[in-house]
Every structure is written in C-alpha cells, then in structure tokens.
C-alpha cells in the first residue's frame, strides 16, 4: 500500500514542532550571522520568534531612504511546506492589502528595442491579499494554478524556500531597482520609481 | 615561460562569497573564470542540488558574467559577492 503525503493549507502545525523549530533556528542563525551585510542593503530585522520572522525592506540608495514594505515569513510545518510570505504594516503588525504596496515587484522578462517587457511578481486575488508568486513561497505552491509545481520538487535543491533565498528575492525585486520617488497630485501617498534598465530579470 | 610571467599567472585573490546568507572565503587564481569561484563556493556550502546556470552572482546589485576572468573585474582582496539562486518562473501579469 502506498503512503500518501497530505499537506495542509492552514497555519496549523502538523509536522513535529521540534523539527520545524530546529530548522527555523538554523535559518535564523545563518541570517543573523550575516545580518550586518543585509542591514547595509536596507533589510531590517523587526523581530523573530518561531514560527515567524519579521523584516522591513528600505531603499537605501535614495535619500531619504523609504521603508518600502515589510513581511512576516512564517515557518509553520517547515520544511514539509514552504515558508509563507505575508506583507504587513511594520508598525501595527497587521496584514496589508495590495493597494498599500508602492509597487508590485516588477521582473524584466525581455526587451525589444525600447520596449521592456515586465511581469509583476506580487499578485492578489479578489481578497486583495498580496502574495509573492515565485517557487519557494507557500502561497505560490498552494495556488490552484501551480498544482503541477509542488514544493516537494523544490525542497532541499539549492536554497528555494530558505530564509536567505526569500530575503534575497524580496530585496532583488522589491528594492534593488528603485531609483527615486514619484509625487502624485496628492502627497498622501508617495510612490517609488524604477530605472527600467536596472529592473532585475 | 619567464619567472615574471609565471608569477603573474599564479596571482591568487580571496573573495568572500555569500551563498544564501552563508559567507565562505574562496582563494583562487585571478586568471580563473568567475564561475570557478562560484562552483567552489557552492561546493563548500553544500549547494550541489542545482546547476551553476541556475545561480547568479552579484556585486552592488549588478549581475556579473561568470565566464569572465576574475582579474577583469579588478576586485580588491576579500571583495564580498552575493551568490543566489535565480527565482523560478512565477507571476502572471504582463505590464
């Protein structure tokens, strides 16, 4: 009789918590050892306690450096499940909706003469809850459109779904291409601008 | 080969390569391609699950050409570089 692996889509811890906690500790220890490097790039640790780590991302190449977004990365059931990435208000610790993000994480997917083709890596459904749509993120693997790309095909093969990978990709697509501010008619909500040439592929 | 040329060919440099948060120091001949340093860094951090072409090396957010010789970049000793796995295919909305 074959064994069936059932992966829950909830935040309930079904994996032995000792295992997930140990793996969470290893991930956070590695990150903390390199924290000074990440902080120089504008990645600020807001706090961590199993199963969550909260980080803010600031665009330090522009002045004044804006806090562009913050996330809570959740390691429940890690690493039978990929970590979850939720965008939060860094001051209130509450989830935000997609309209509260200053941009949607553009990725360059091609260029024809002066036409740069981009896709957005942060998406939402009718609930407007933003999710980071790349392999290695729980929301990507649990999405009905990605049932053919199971997390178990990625787990343990080079870093997808590790804290270091997620931090790097959130920085790469969320921060690294930002080159200025954009002031709309109302100064209530200032947005950021990208240099099209420096948007990562 | 003259002694001078041999010395030039044997010049070594140390690079600090951060792989998924873990820094490793790689000492390597400057005449080697950058991919040789990347391969050593992946080996030392036990990241052998994915081929080298799935990885990218960056300095100040700029992606470096792994086929270029290390000395062509004129790195100082102990230059810090970030080596990370490329993001897989995701997203679905074209701007």
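No value in this document is a laboratory result; all are computed from the given coordinates. Computed from a predicted model, the values in this text were never measured in an experiment. Glycine also receives a Cβ, built like all others from the backbone with ideal geometry; neighbour counts cover every protein chain displayed.
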Going by alpha carbons, how many degrees (0 to 90, nearest 10) lie between the helix axis of A:17-33 and the longest principal axis of chain A?
40
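In deg cm²/dmol and to the nearest 500, what is the mean residue ellipticity at 222 nm of the protein assembly as shown if only DSSP H runs of at least 4 residues count, each as -39500 (n - 2.57), divided by the residue total?
-5500 deg cm²/dmol
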Rounded Å value of the spacing that divides the Cα centres of the range A:43-89 and the range B:6-57
29
Shielding by other protein chains, B:39-47, mean Cβ within 10 Å
1
Ascending count of other beta-carbon atoms within 10 Å, so fewest first, for A:91, A:131
A:91, A:131
For chain A, find the longest principal axis of its Cα atoms and tell me its angle to the long axis of helix A:163-174, 0 to 90°, nearest 10.
20
Within a 10 angstrom radius of the beta carbon, how do A:97, A:79 rank from fewest other beta carbons to most?
A:97, A:79
Can you sort A:58, B:57 by how many other beta carbons sit within 10 Å, fewest first?
A:58, B:57
Output the 0 to 90 degree angle, nearest 10, between the alpha-carbon long axis of helix B:34-44 and the longest principal axis computed from the alpha carbons of chain B.
70
Relative contact order for the range A:17-198, counting Cα pairs under 8 Å that sit 6 or more residues apart, in percent
16
For chain A, just list the percent of Cα-Cα distances falling in each 5 Å bin from zero outward, please.
1, 7, 14, 19, 20, 16, 11, 6, 3, 1, 0, 0, 0, 0
How high is the relative contact order of chain B, in percent, counting Cα pairs under 8 Å that sit 6 or more residues apart?
32
Report, as an integer, the average count of C-beta atoms from other chains found within 10 Å of each Cβ along B:13-24.
4
